[in-house]
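One structure below.
The values are calculated or read from the model by the stated rules, or taken from the named source; none is laboratory data. Predicted, not measured: the structure shown is a model, and the values here were computed from it. Quick reminder, even Gly has a Cβ in these numbers, built from the backbone with ideal geometry, and neighbours come from all protein chains shown.
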Amino acid sequence: MTKLVEFRSYTLRPGVRPAFHRRFVEESLPMLQRWEIDAVAYGPSPQDENSYFLIRAYPGLQERERSENAFYGSNEWRSGPREAVLADIESYTTFVLTLDTATLESLRVAGREQLNTIEAAMQRNDADTTTTDRERLLKLNEGYIASYLNADVNWYREHLAEDFVCIESDGSVLNKAAFLVDCAKGPDVASYNLAETTVRVYGDTALVQARAVFTRRDGSRGTSRYTDVWVRTTANKWTTVSAQITRSAP
């Protein structure tokens, strides 16, 4: 017995492959299975860090055309992961071969073994990246505080997202432009020292929360708690999109 086997190779946008793989495993693959499409093998390609592949098998050419037209035209796909998947793909190529069942099953086993190896490596890299991200975010947080104390508008201009929003302790809301104007006036405290800082990384989003002890210009002391939201850009740079501050009463 033979089957028609479709080989599809994707070139992804730089830096998106881990998220693309997670989306495929969690959303696209179960959908293919529900539509009874045989996904023989899939995963990150060892060719380079932006390559991904998908191998599917069909009884024949007509069945392939019918099955793929139905799948890609379905509301489940078009209203589901389609937009996010296509946004991550720069280009792809497809070719088909006729393979006997024994060769197809060998390809399936080899693909599974390779995927297990690659996913184990990705998990190790994710752990290393998370540690590195925490270190980077801690330094960025220190830079955020130092720039506040030194009225360093240029630092904020570089590290705040264009749609940045800050909710001040009095409830006022500042956009990036207003925040920069406020920063240029200089700090309203004589000193500001971090007492504790926590960093939690969720993929390309992170929360930096801290408690600080500060001294006002009149000599009174107070405490401050804040939460900053950071996101990773496509250039692997962290930028702040939101900040919220709560201060104790004088």
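Please count how many residues of region 9-23 are part of a helix (DSSP H, G or I) and touching a residue at least 24 places away in the same chain (Cβ under 8 Å).
We begin by selecting, within region 9-23, every residue part of a helix (DSSP H, G or I); these are 17-23.
Applying the additional criterion that residues be touching a residue at least 24 places away in the same chain (Cβ under 8 Å) yields 17-21, 23.
Looking only at that region, the number is 6.
Which ones in region 149-169 are out of contact with any Lys or Arg (no Cβ under 9 Å at 6 or more places or on another chain) and part of a strand (DSSP E or B)?
Ile167
Results for (1) part of a strand (DSSP E or B); (2) over 32 Å from the mean Cα position of the chain (by Cα); (3) farther than 20 Å from Trp155 by Cβ, shown as yes or no for each residue.
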position: Ser191; (1), (2), (3): yes, yes, no
position: Gln209; (1), (2), (3): yes, no, yes
position: Ala212; (1), (2), (3): yes, no, no
position: Asp218; (1), (2), (3): no, yes, yes
position: Thr223; (1), (2), (3): yes, yes, yes
position: Tyr226; (1), (2), (3): yes, no, no
position: Asn236; (1), (2), (3): no, no, no
position: Thr246; (1), (2), (3): yes, no, yes
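Among the listed residues Leu99, Leu29, Leu104, which satisfies the condition of being aliphatic (A, V, I, L, M), surrounded by 12 or more Cβ atoms within 10 Å (Cβ to Cβ) and within 30 Å of Thr234 (Cβ to Cβ)?
Details: Leu99 fails: within 30 Å of Thr234 (Cβ to Cβ); Leu104 fails: within 30 Å of Thr234 (Cβ to Cβ).
From the options Leu99, Leu29, Leu104, the qualifying one is Leu29.
Suppose we filter region 146-170 for residues that are under 19 Å from Phe214 (Cβ atoms) and out of contact with any Leu (no Cβ under 9 Å at 6 or more places or on another chain); how many remain?
Number satisfying all stated conditions: 9.
Which pairs do you get when a residue that is within 20 Å of Ala184 (Cβ to Cβ), found in region 129-153, comes within reach of a residue that is modelled with pLDDT under 90 and in a helix (DSSP H, G or I), reach meaning Cβ atoms under 9 angstrom, with the pair 6+ apart or on two chains?
none
Run Arg22 past the list (1) among the basic types (Lys, Arg); (2) farther than 18 Å from Thr117 by Cβ; (3) within 22 Å of the chain's Cα centre (by Cα) and report the number of the one that doesn't hold.
The failed condition is (2).
Can you confirm whether Asp133 is under 27 Å from Ser248 (Cα atoms) and at pLDDT below 90?
Details: under 27 Å from Ser248 (Cα atoms): no; at pLDDT below 90: yes.
No: the conditions fail for Asp133.
In the list Val241, Val199, Val229, which residue meets the criterion of being in contact (Cβ under 8 Å) with a residue 12 or more places away in the chain and touching a helix residue (DSSP H, G or I) at 6+ places or on another chain (Cβ under 6 Å)? Before you say what the answer is, go through the steps one by one.
Details: Val241 fails: touching a helix residue (DSSP H, G or I) at 6+ places or on another chain (Cβ under 6 Å); Val229 fails: touching a helix residue (DSSP H, G or I) at 6+ places or on another chain (Cβ under 6 Å).
Unique residue meeting the criteria: Val199.
Scan Thr223, Thr239, Thr198, Thr234 and give me the residue that is surrounded by 13 or more Cβ atoms within 10 Å (Cβ to Cβ) and among the β-branched types (Val, Ile, Thr). Step through it out loud before you land on a result.
Values: Thr223 fails: surrounded by 13 or more Cβ atoms within 10 Å (Cβ to Cβ); Thr198 fails: surrounded by 13 or more Cβ atoms within 10 Å (Cβ to Cβ); Thr234 fails: surrounded by 13 or more Cβ atoms within 10 Å (Cβ to Cβ).
On inspection, the qualifying residue turns out to be Thr239.
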